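Note sheet for the following structure.
Here, each number is a calculation from the coordinates, and none is a lab measurement. Since the model is a prediction, treat every value here as computed from it, not as a measurement. We place every Cβ from the backbone using ideal geometry, glycine too, and count neighbours over all the protein chains shown.
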Amino acid sequence: MSERWPRQILFGDIDAMFASAAVLADPSLAGKPVAVGSPPPRGIVAAASYEVRRFGVHSAMPTLQAVRLCPQLILVPPDRLLYTRLHCALQTVTDRFFPETEWTSVDEFYTDTTRLQTRHPDPKELAHTLKADIRNFTGLTCTVALASGKTVAKIAADAHKPDGLAVIEPGSEAAFLAPLPIRSLPGMGPKSTEIVERLGVRVIGDLLAPRMEPALFRLFGSRLPALQSLARGLDADPVVADREAKSMSHETTFEEDTDDPALLEPIVHGFLETLTHDLRLEGLAAGSFTVKLKDTHFRITTRQRKFSTPLNYDPDMWADIRRALADLLQPRSRYRLVGLGLSDLIPAPEPLFDRRQRDAIATLDRLIERHGTGVVRLGGLPHMSDGSTKRGRRRGT
Ligand SMILES: [Mg+2]
């Protein structure tokens, strides 16, 4: 029996989630070189099965290049509805085990298991049971790692994929990290990796070598101690359950009551643009929406609808919302307030757009950051935003 840990974090990551989902949907694909993505010439690989990774195919690679590397590649289109269903099934399993789970993407989660040690004193046993339940309930395999902090748990899982189980005992973090390549540390992108490698830093342990200290200090300055803590495997980053972030909304009250759809529509559309921008920044997608109107007599009416699949790109959402608004408007009524809420927020299954579209949306989001939603938009929609609306955001409803 292991000793009780002062702090214990569990990280779970489904193995090749989208590719595995494709096999669940069509079991004849099992063991075959499957990748999920959009077709050439412009498409990209959203997820690669372990069978095609052997050929050097990986996610975010142009499909054209993937087919060259692996001519027998079987390309399956993304199925967002299926990923959402699987995400919900995964949540059902984690909810049975853990009081709180932080989902950082549709298939990755952290949970703080410190207090669960009374019931599950052996972390290996806990990981085994969780993996088996996920497998039985969803058909997916999950790599699970336990450590004293999130960073080490994540790095340990990455190093043990697929279908892995890793337990990094407290006190052994630095020894576990020391021989790993420097790029395994979060925040060490290709550029930073190249720079520190030029200094002769190859593995994480080198960040702690006294002979490296002066050169590293010149490079990182006051950020060096934080980086060295990470290299020692010390991180107190808490698990933040995102249960409360289930909705966001905007509404505005008019100076004069109105019954004019030509006025209401652009306002609601402007809300949608701002809200979807926030969703994309947070990596979320909305499963449903609510349109709200308050009439001259302060009577509130609402219409709530589900999207066919969770979305975060406004042009895909506007037709449903516009229809709901039209349904809600009553003849001979005048309105003093209109609002739009997005709810059933879940981590967005990504990357599901083709690369060009994704780049365009990312550029759009950067422009919105700089200039606001009224100024920029992608092609396909006329300018409709109303710059005068007041923005209010609510969480936790
Ligand atoms: Mg995964």
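Can you compute the FRET efficiency between residue 203 and residue 137 using 1/(1 + (r/R0)^6), with r the Cβ-Cβ distance and R0 = 30 Å? Round to the nearest 0.05. Can you show the working numbers first?
Values: r = 38 Å, r/R0 = 1.28.
Result of the calculation: an efficiency of 0.20.
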Practice task
Return the calculated 222 nm mean residue ellipticity for the chain, to the nearest 500 deg cm²/dmol, obtained by summing -39500 (n - 2.57) across DSSP H runs with n ≥ 4 and dividing by the residue count.
Solution key: -11500 deg cm²/dmol
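What ranking, highest mean first, results for peptides 217-224, 275-282, 150-157 when packing means the other Cβ atoms within 10 Å averaged over each residue?
Details: 217-224: 12.2, 275-282: 19.8, 150-157: 24.2.
In descending order of packing, they fall as 150-157, 275-282, 217-224.
Fully extended, how many nm does the chain gain between residue 4 and residue 69 (0.36 nm per residue separation, minus their Cα-Cα distance)?
Values: separation 65, 0.36 × 65 = 23.40 nm, distance 4.84 nm.
Separation in residues times 0.36 nm, less the Cα-Cα distance, equals 18.6 nm.
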Handout entry: Computed magnitude of the charge dipole of region 17-80 (debye, nearest 20; Cβ of K, R +1, Cβ of D, E -1)
Key = 180
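Report, in listed order, any pair from 32/161; 32/131; 154/191; 150/191; 131/154; 32/191 with a Cα-Cα distance greater than 26 Å.
Values: 32/161 19 Å; 32/131 23 Å; 154/191 21 Å; 150/191 24 Å; 131/154 16 Å; 32/191 35 Å.
Checking Cα-Cα distances, 32/191 exceed 26 Å.
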Handout entry: At R0 = 22 Å, FRET efficiency that the Cβ-Cβ distance of residue 175 and residue 224 yields, to 0.05
Key = 0.60
Practice task
Take residue 85, project a point 7 Å from its Cα along the Cβ direction, then tell me which residues of region 22-59 have their backbone nitrogen under 16 Å from it.
Solution key: 22-28
Handout entry: All-pairs alpha carbon distance profile, the chain, 10 Å steps from 0, percent
Key = 4, 19, 24, 25, 17, 8, 2, 0, 0
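Roughly how many debye, to the nearest 20, is the charge dipole of region 175-231 about its Cα centre, given +1 on each Lys and Arg Cβ, -1 on each Asp and Glu Cβ, and no other charges?
100
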Practice task
Name the aspartates and glutamates eligible as straight-distance cross-link partners of residue 294: C-alpha to C-alpha under 12 Å, and not fewer than 8 places from it in the same chain.
Solution key: 251, 257, 259
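When Lys and Arg each count +1 and Asp and Glu each count -1, what net charge do the other residues less than 13 Å away from residue 298, Cβ to Cβ, add up to? Can you show the working numbers first?
Values: positive: 292, 294, 299, 334, 336; negative: 257, 295.
Cβ neighbours under 13 Å give a net charge of +3.
Taking the Cα centre of region 25-140 as origin, sum charge times position over the Cβ atoms of Lys and Arg (+1) and Asp and Glu (-1), and report the length of that vector in debye to the nearest 20.
Working: 13 positive and 12 negative charges, 87 e Å.
Taking the Cα centre of region 25-140 as origin, the dipole is about 420 debye.
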Problem - Extreme residue, positive dipole direction of the chain, given options 130, 179, 144 (C-beta unit charges) - result: 179
Fill in the blank from the handout: With label points set 7 Å from each Cα along the Cα-to-Cβ direction at residue 298 and residue 344, the distance between them in nm comes to 3.3
